[in-house]
1. What's the local net charge at D210, with K and R +1, D and E -1, over the other residues with C-beta under 13 Å away?
2. Counting residues in the range 10-206 as N, plug N into 2.2 N^0.38 Å and put the Cα Rg over that result.
3. 7 Å from Cα along Cα→Cβ at both D167 and S89: what's the point-to-point distance in nm?
4. Which of the trypsin sites (Lys or Arg not before Pro) across the range 217-324 are loop residues per DSSP, with 15 or fewer other Cβ within 10 Å?
5. What FRET efficiency comes out for the pair R272/E7, r = Cβ-Cβ distance, R0 = 45 Å, nearest 0.05?
6. May I ask which residue of Y103, G134, V168 lies farthest towards the positive end of the charge dipole of the chain, with charges of +1 (Lys, Arg) and -1 (Asp, Glu) on Cβ and the Cα centre as origin?
7. How many angstrom lie between the C-alpha centres of the range 8-87 and the range 252-309?
8. Show me the GluC sites (Glu not before Pro) within the range 253-310 that DSSP assigns to loop and that have at most 11 other Cβ atoms within 10 Å of their Cβ.
Amino acid sequence: MGTWLAERFGLTVPVVGAPMAGAAGGALAGAISAAGGLGMVGCGSTAPADWVLEQRALAAAAGRPYGVGLLAWALPGRPDLLDAVLDDSVPRPALVSVSYGEYAQHVPVLHDAGVAVATQAGTVADGVAAVDAGIDVVVARGGEGGGHGRNLVATLPLLDAVLEAVDVPVLAAGGIGGPRGVAAALAAGAAGAWVGTAFLTCRESLLADDVVGRQAETDETGTAYGTVFDTASAVGWPNEFGGRAVRNEFFTRWQGREAELPADAEANATFRAAPTSRDLSAMALYAGQGVGRLGAERPAAAEVVADLGRAGDLLRAAVTRLGS
Ligand SMILES: Cc1cc2nc3c(=O)[nH]c(=O)nc-3n(C[C@H](O)[C@H](O)[C@H](O)COP(=O)(O)O)c2cc1C
């Protein structure tokens, strides 16, 4: 499956393991890269710079290209994160994404370091702005995706419109968790898929077994999009980028009443204590609509990559069908 993505990074499967703060560390990224995809480490706004270096070393240990994902809105207050991503004590990432906020000023810095740059676009305007900023590859990320982003357009219509509007390679993201989704994206003209949720439950992911169990119980209707958890966490997410997570009791209780949440001491204490008390009813369990495909068994990342790689067989079968 020779696409820009596969050729640029020497991949056998045109899939990026999406950066996922709290889930995709160096072990997952390295395992995805070792299996023929491109794994990315997700750096959240509170990630220590030392942690970034450790995770990069783990990802690089596969001896394959890997990537790192940064949150653009966090960088003005955390310039050390960008330094940690480019620190030469560890082999450099081949791809860095800077998403959600002002990122244009970082593109030349990353290019000077020889790194390809991606950003996640939730609208056609985002995609066009990315090209203007010199981005190498635009990720058309639909609202069904897990974690943060926009919830304005679904993946297929967004991919269609972004492919029409830009002349740089485009990856499809949001709800792509199996070979059918990858095949659909490639057939539409994408250079590959940017896959998050499908890797959440892998053995190499940072998620604990109880969270994986809850995700396995959740079907495709069980996620919700909003800003409840960002209001409770108060780490500084801009409101325009909400998050998609498993709909739990905390979300249901506060959806539509986000403005009241900061003043509710009990609710904030419950949210803060939840990761320690393992109270899944009050934790932010980020996942996209593809969560319905996940089972309770934790697969190796290599198995997920191999499954996504079956997209080639589906496409060949479709061509045969259409030709007959
Ligand atoms: C648990 C989780 C954490 C995420 N963290 C990040 C992040 O740190 N940086 C980022 O750019 N995107 C992040 N995302 C979004 C993903 O990069 C990607 O857009 C999304 O997973 C694609 O949709 P899918 O989950 O349906 O595959 C996260 C997604 C999830 C599920």
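The values are calculated or read from the model by the stated rules, or taken from the named source; none is laboratory data. Predicted, not measured: the structure shown is a model, and the values here were computed from it. Positions of Cβ are generated from backbone atoms using ideal geometry, with glycine treated the same way; all protein chains shown enter the neighbour counts. All accessible areas refer to the heavy atoms of the entire protein, side chains included, with ligands and DNA or RNA removed. Shrake-Rupley method; radii C 1.70, N 1.55, O 1.52, S 1.80 Å.
1. Around D210, the surrounding residues sum to 0.
2. Taking N as the residue count of the range 10-206, the ratio is 0.92.
3. Spacing of the two 7 Å Cα→Cβ label points: 4.4 nm.
4. R257, R278, R310
5. 0.45
6. Towards the positive end, the residue furthest out is V168.
7. 21
8. Filter output for the range 253-310: E297.
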